[in-house]
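Below: the structure, in structure tokens.
The values are calculated or read from the model by the stated rules, or taken from the named source; none is laboratory data. Treat the numbers as computed from the prediction; the structure is a model and nothing was measured. Counting neighbours? That spans all protein chains shown, and the Cβs are built from the backbone with ideal geometry, glycine included. The protein model used for the area step is the full one, side chains on, heavy atoms only, and it has no ligands, DNA or RNA in it. Shrake-Rupley method; radii C 1.70, N 1.55, O 1.52, S 1.80 Å.
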Amino acid sequence: MGLLLRRRARGRLRSPLLLPSLPSLFSRIPFKIGQPKKQIVPKTVERDFEREYGKLQQLEDQTKKLQKDMKKSTDADLAMSKSAVKISSDLLSNPLCEQEPGFLEMVTAFDTAMKRMDAFNQEKVNQIQKTVIEPLKKFSSVFPSLNMAVKRREQALQDYKRLQSKVEKYEEKERTGPVLAKLHQAREELRPVKEDFEAKNKQLLEEMPKFYSSRIDYFKPSFESLVRAQVVYYTEMHKIFGDLSAQIDQPGLSDEQRERENEAKLSELRALSIVADD
């Protein structure tokens, strides 16, 4: 038993799973290759950049979600009115309408109302598509350019860090002729790269807050139009169904009275021998 335990112990020591991972090995290196010792971008500036860009990333996600939800809403509205027209059309084709003029008159009024509702609903959806969904889509189309500008800024930062590290490497060496020549060359390479990064960084820090602040002025007309479209639609629906109710309703009957009448008629049907329980 003791021999077996010693063999297992030796096996565990040889296991590659017990070797230090590569990240833990590199974490022991005090200075990473290609990374300058000098803090080339102040932490406050980097925090400001991350905060402003984070707000725009959230705005992009919210805009896409809102556009998707609006499309779902208008699709559901259209499906509802089309289904209502289909129901009224099916009722009109019911043989009962040919036999009962009174019922035919009611169904015809219902069918006319459903077609009017569908027409106004289509107008509402077209208005929302034009004044809400399309502007949301156009607003979303701006973000790829913004994200590309951020990527270019990040690439410029990496180039800046790489060349700054190169300059520091020569600065730490003994000042011989060849080293000084290479140091001068490295500084000359660094200067335009540094200027390029600082220009990109400055532009983004100035324009990202402006872009974010402009969202209210951009979206406000769209949502005002959305409210107006809904008001027009539901005003027309009030008229349409008010007229329909006046045509088909029996005057003076409450919903409870109609429910009792239906129950009474259903009881009469159940009393027929052909539907009676065995």
Of the accessible area of the stretch 57-100, with the probe set at 1.4 angstrom, what percent is carbon plus sulfur? 54
Take the Cα coordinates of the stretch 105-264, assign each an equal point scatterer, and use the Debye formula without solvent to give log10 I(q)/I(0) at q = 0.16 Å⁻¹. -0.99
Can you tell me the orientation of helix 177-213 relative to the chain, as the angle in degrees between its alpha-carbon axis and the longest Cα principal axis, to the nearest 10? 20
Leaving out ligands and nucleic acids, and using a 1.4 Å probe, what accessible area per residue does the stretch 187-230 come to in Å²? 66
So which lysines pass the test for residue 72, namely a Cα distance under 16 Å, with those fewer than 8 places away in the same chain ruled out? 64, 82, 124, 130, 137
Among 106, 91, 149, the residue whose Cα sits farthest towards the positive end of the charge dipole of the chain (+1 at Cβ of Lys and Arg, -1 at Cβ of Asp and Glu, taken about the Cα centre) is 149
Rounded to two decimal places and with Rh computed the Kirkwood way over Cα pairs, what is Rg over Rh for the chain? 1.35
Fraction of accessible area attributable to carbon and sulfur, the stretch 206-278 (%, probe 1.4 Å): 55
Residues of the stretch 89-183: accessible area per residue with a 1.4 Å probe, Å²: 58
Sequence neighbours fewer than 8 away in the same chain don't count; with that in mind, list the aspartates and glutamates whose C-alpha is under 12 Å from residue 166. 188, 189
As a check on your grasp of the helix formula, calculate [θ] at 222 nm for the chain: sum -39500 (n - 2.57) over DSSP H runs of n ≥ 4, divide by the residue count, round to the nearest 500. -28000 deg cm²/dmol
Highest GNM mean-square fluctuation, the chain, Cα pairs closer than 10 Å: which of 96, 244, 136? 96
